[in-house]
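Only the coordinates and a few stated rules stand behind these numbers; no lab work does. These figures come from a predicted structure and were not determined experimentally. Cβ sites come from the backbone with ideal geometry, for glycine too, and all protein chains shown count toward neighbours.
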Amino acid sequence: MLTTLQTFAGGFASLFGLRFGVGAAEAPAFPANNKVATAWFPQRERGVAGSVCSMGVYVGTAFLTPIEFYIASTYGWRAVFMVSGLLGIAWAVVWFFAYREPAQSRLANQTELDYIRDGGGVANARSGEVAAFRWDHAWKLLRFRQIWGVCLGKLAATTTLYFFLTWFPTYLMQARGMSMLHAGTAAVGPYLAAAAGVMFGGWWGDWMIRRGVSVSVARKLPMVLGLLFTGTIVLANFTTSNAIVIGILCIAFFAQGMSSTTWVVVSEIAPRELVGMTGSIASFASNLAGIITPITIGFIVQKTGSFEWALGFCAIVAMIGVLSYTVVLGKIERLQID
């Protein structure tokens, strides 16, 4: 709804206020996705399930970016908000009437519920088994190193994502001299590569768990390697070929997709009664990157006149994420609090 209302924004203040409202309204999306994956899938299948949820961001951006660029160039920027908002409203209606928790769903029989529960899912959770919101629960969660490790790593992984979501088209047009429509088309490759990276990271983690690899190794390895290769984004500074640049960005964004399997780790460490709150804390860290990244990159570009250090900023933050996952995170296991 708020996205649709941006069509009628009359100035900076109204547009900023509506954009602020959009951010607040969409904030529960990823914690809710994580809760759905934790409720409906056992541990050995949770990587792929969580990746499917995360993949939607990349696939939707890949296919809709050229369309939105066409709409903007043909009908104006207001039409982009109108079309996007109406699509969101339509899906909200479908989701409201279609989705139910496993224990309340008519589509899940007892055998399936037992299969999910025995595999480490929380399919039988009902309202009486879910803790009511309390601030002291959040403070207790923040005492665990696993929470800090996930949050720092999530912030690092999301930094590159927000570069692609906010500055990538501008980078292609200003630094690489592409037209608006050309930039919109060229952006499809990296977004599809990221979607493939998300699915590969989730599948690889599940594959390792099914073969007896520890949960800590199976979940950490895709994220650590993903962030390491995300740093290859800085190589775009050393070529003048647009084709090579797109290839480098495809590799970097594929790796960023792998590192986005953090949501699976959230589902592995969250106390059974606090899956939603744990996801909200991780989402808060992720959304901090949404605030910091566009402002920081804009400042860098303004002061230096180029995107070279902007790409370097993404690479440096990715290395911080590697340290977080390897040093801070510790053992991946379900946390217990009173």
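If you only keep lysine pairs separated by 8 or more in sequence, or across chains, how many in the chain come under 28 Å at the Cα atoms?
So the count works out to 11.
Only counting other Cβ atoms within 10 Å, I'd like Met173, Met1, Met277 sorted with the fewest neighbours first.
Met1, Met173, Met277
Taking only the alpha carbons of the chain, what extent do you get along each of the three principal axes, in Å, biggest first?
So the three principal-axis extents are 57, 42, 35 Å.
Sorted by packing (mean other beta-carbon atoms within 10 Å per residue), highest first, where do 79-89, 35-45, 149-159 land?
By packing density, highest mean first, the sequence is 149-159, 35-45, 79-89.
Determine, for Tyr75, Tyr191, the number of other Cβ atoms within 10 Å of each Cβ, and report the residues in order from fewest to most.
Least to most surrounded, the residues fall as Tyr75, Tyr191.
Rounded, prolate or oblate for region 284-338? Axes are the square roots of the Cα gyration tensor eigenvalues, ordered a ≥ b ≥ c, and the cut-off for rounded is a/c under 1.5.
In terms of gyration-tensor shape, oblate.
So how far apart, in nm, are the two label points at Trp203 and Thr239 if each is 7 Å from Cα heading toward Cβ?
Computed distance between label sites Trp203 and Thr239 equals 2.5 nm.
Which parts of region 150-181 would a label at Leu15 reach, counting a residue when its backbone N lies under 20 Å from a point 7 Å out along Cα-to-Cβ?
163-174, 180-181
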